[in-house]
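A short write-up of the structure that comes next.
The values are calculated or read from the model by the stated rules, or taken from the named source; none is laboratory data. Predicted model, so just to flag it, every value in this text is computed and none were measured. Heads up, the Cβs are rebuilt from the backbone with ideal geometry, glycines too, and the neighbour counts pull from every protein chain shown. Areas reflect the complete protein model, heavy atoms only, side chains present, ligands, DNA and RNA absent. Shrake-Rupley method; radii C 1.70, N 1.55, O 1.52, S 1.80 Å.
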Amino acid sequence: MIPAAKPIIGDEEREAVDRVLRSGMLAQGPEVKAFEEEFSVHVGGRHCVAMNSGTSALHLGFIAAGIKAGDEVIVPSFSFAATANSVVLAGGVPVFADIDPQTFNLDPDHVESLITKKTKAIMPVHLYGHIAAMDRFEEMSSKYGVKIIEDAAQGHLASMNGRNAGEFGVVASFSFYPTKNMTAGEGGMVVTDSAEVARTLRLLRNQGQEIRYQNEIIGFNTRMTDIHAAIGRVQLAKLPGWTKTRQENAAYLDANLEGVVVPYLQPGTTHSYHQYTIRIPGGSAEKRDAFMAAITAKGVGCGVYYPTPIHRLPSFNLNLNLKETELVIKECVSLPVHPSLSQDDLKTIVSVVNEVAASL
Ligand SMILES: *Cc1c(COP(=O)(O)O)cnc(C)c1O
């Protein structure tokens, strides 16, 4: 079976963890600081503040960016629930916009039509590693005075016109969950170009204190441990090479798959292929599910990200008309693209997918 995703853990990660365990300093310390500095290199030298998860990074990112009770934040419904949950956790109100079915990302025209006096921010998600329409959102940000807050949980090293994910928003949040393009076990990183926002984030993650027992504000404990940071540092060093392999794997699939819609690549952008997501045309979830069952039976793992739009989850239960979101949810399926695929695996994926797609 070729798995849909596979975290790669080597001897270097094990040695790094052992080094921290032997040091006796386990909580946030020098490894976290070094991880933040090393991550900063990939986001234009911006301030980086590590957290215990991508969700904490999003949640505290909203608070530090000044999102308050009743503020509206425009988000895609075609994403992981944490995208919208973090708005609510910060006291805001998520307003769900439709997607561009080609990029799977927020449709800028629909976003613009949803901007009201209450809109404080737009949160694009760089879904599957394809950067969102950041040029359009930057225009809207200056025109309407709304903030850009990036959910870059899947966006490591995705870029547009030479700028990486994380270099656009007031704050941007990354995730290091095991299935992401790099992992720390669990973890997240908030990126910001503001020293003041960075300081607020450091206070928020550590009980509101910079100096012990001198709590300045009400805070959380969302610190990353040095154990996790040590894993993250090793993985970060490997990330550029892994991303290149993902892009090569995707290029092979693009060139050889038939009978399915392969991922779109917007000119001027680099895709980091967190997922390689194809569409089974026809607007039928039954047809897509039959395709998935058939390729799984032939040894090719796959997944649907995400089977239910966030607004229809029981936690939100909203009745909205997001046409493209509803269509893509029935047609999308993600194939393996991870860096541990062999040439034989890639050939198998192509022959199995093409055979099954032709028989549908
Ligand atoms: C993974 C993910 C998150 C949450 O990150 P965690 O580290 O799992 O908390 C948020 N948004 C998106 C789009 C994600 O893929």
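Apart from one condition, MET160 fits all of (1) in contact (Cβ under 8 Å) with a residue 12 or more places away in the chain; (2) over 19 Å from the mean Cα position of the chain (by Cα); the exception is (2).
Do we find that GLU138 is within 16 Å of the ligand (Cβ to nearest atom) and among the acidic types (Asp, Glu) in this structure? Answer is no for this residue. GLU13 meets all of the listed conditions (1) closer than 26 Å to ARG212 by Cβ; (2) in contact (Cβ under 8 Å) with a residue 12 or more places away in the chain; (3) acidic (Asp, Glu) but one, namely (1). Across the stretch 343-353, the qualifying residues are those that are open to solvent by 20 Å² or more (accessible area, probe 1.4 Å) and in contact with a strand residue (DSSP E or B) (Cβ under 9 Å, 6 or more places away or on another chain), and the one among them that is farthest from TYR128 (Cα to Cα) is THR348.
With respect to ALA195, is the statement that it is away from the ligand (no atom under 14 Å from the Cβ) and farther than 16 Å from SER53 by Cα true? Working first, answer last.
Values: away from the ligand (no atom under 14 Å from the Cβ): yes; farther than 16 Å from SER53 by Cα: yes.
Yes.
Could you tell me which of the residues ILE115, ILE148, ILE99 is under 23 Å from GLY187 (Cα atoms) and β-branched (Val, Ile, Thr)?
Details: ILE115 fails: under 23 Å from GLY187 (Cα atoms); ILE99 fails: under 23 Å from GLY187 (Cα atoms).
Unique residue meeting the criteria: ILE148.
Here the stretch 68-103 is the region considered, the condition is being free of Cβ contacts under 8 Å to residues at least 60 places away in the same chain and away from the ligand (no atom under 16 Å from the Cβ), and the residue that is farthest from GLU196 (Cα to Cα) is VAL95. Filtering LYS298, LYS287 for residues that are among the charged types (D, E, K, R) and more than 21 Å from LYS330 (Cβ to Cβ) leaves a single hit, LYS298.
If you go through the stretch 225-239 one residue at a time, do you hit one that is of a type in the set (Ser, Thr, Tyr), open to solvent by 10 Å² or more (accessible area, probe 1.4 Å) and either under 26 Å from ALA16 (Cα atoms) or modelled with pLDDT under 95 (or both)? Talk me through it step by step, then tell me what you get.
First pass over the stretch 225-239, keeping only residues of a type in the set (Ser, Thr, Tyr): 225.
Within this subset, residues satisfying the condition of being open to solvent by 10 Å² or more (accessible area, probe 1.4 Å) are 225.
Okay, now just the ones that are also either under 26 Å from ALA16 (Cα atoms) or modelled with pLDDT under 95 (or both), so 225.
The answer is yes, given that some residue of the stretch 225-239 is of a type in the set (Ser, Thr, Tyr), open to solvent by 10 Å² or more (accessible area, probe 1.4 Å) and either under 26 Å from ALA16 (Cα atoms) or modelled with pLDDT under 95 (or both).
Put simply, of SER40, SER53 the only residue that is assigned by TED's automatic domain parsing to the domain that holds GLY187 and either buried (at least 21 other Cβ atoms within 10 Å of the Cβ) or farther than 26 Å from ASN161 by Cα (or both) is SER53. Within the stretch 198-212, does at least one residue satisfy the condition of being surrounded by fewer than 20 Cβ atoms within 10 Å (Cβ to Cβ), at positive phi and away from the ligand (no atom under 16 Å from the Cβ)? Yes, there is a match, as at least one residue in the stretch 198-212 is surrounded by fewer than 20 Cβ atoms within 10 Å (Cβ to Cβ), at positive phi and away from the ligand (no atom under 16 Å from the Cβ). With respect to THR325, is the statement that it is touching a helix residue (DSSP H, G or I) at 6+ places or on another chain (Cβ under 9 Å) and at pLDDT 95 or above true? Yes, satisfied.
Would you please name the residue that is most open to solvent (accessible area, probe 1.4 Å), looking only at residues in the stretch 164-188 that are β-branched (Val, Ile, Thr) and either out of contact with any strand residue (DSSP E or B) (no Cβ under 6 Å at 6 or more places or on another chain) or within 12 Å of the ligand (Cβ to nearest atom) (or both)? Step through it out loud before you land on a result.
Just the residues of the stretch 164-188 that are β-branched (Val, Ile, Thr), to begin with: 170-171, 179, 183.
If we keep only those that are either out of contact with any strand residue (DSSP E or B) (no Cβ under 6 Å at 6 or more places or on another chain) or within 12 Å of the ligand (Cβ to nearest atom) (or both) too, we end up with 179, 183.
Values: THR179: 62, THR183: 7 Å².
Out of the qualifying residues, it is THR179.
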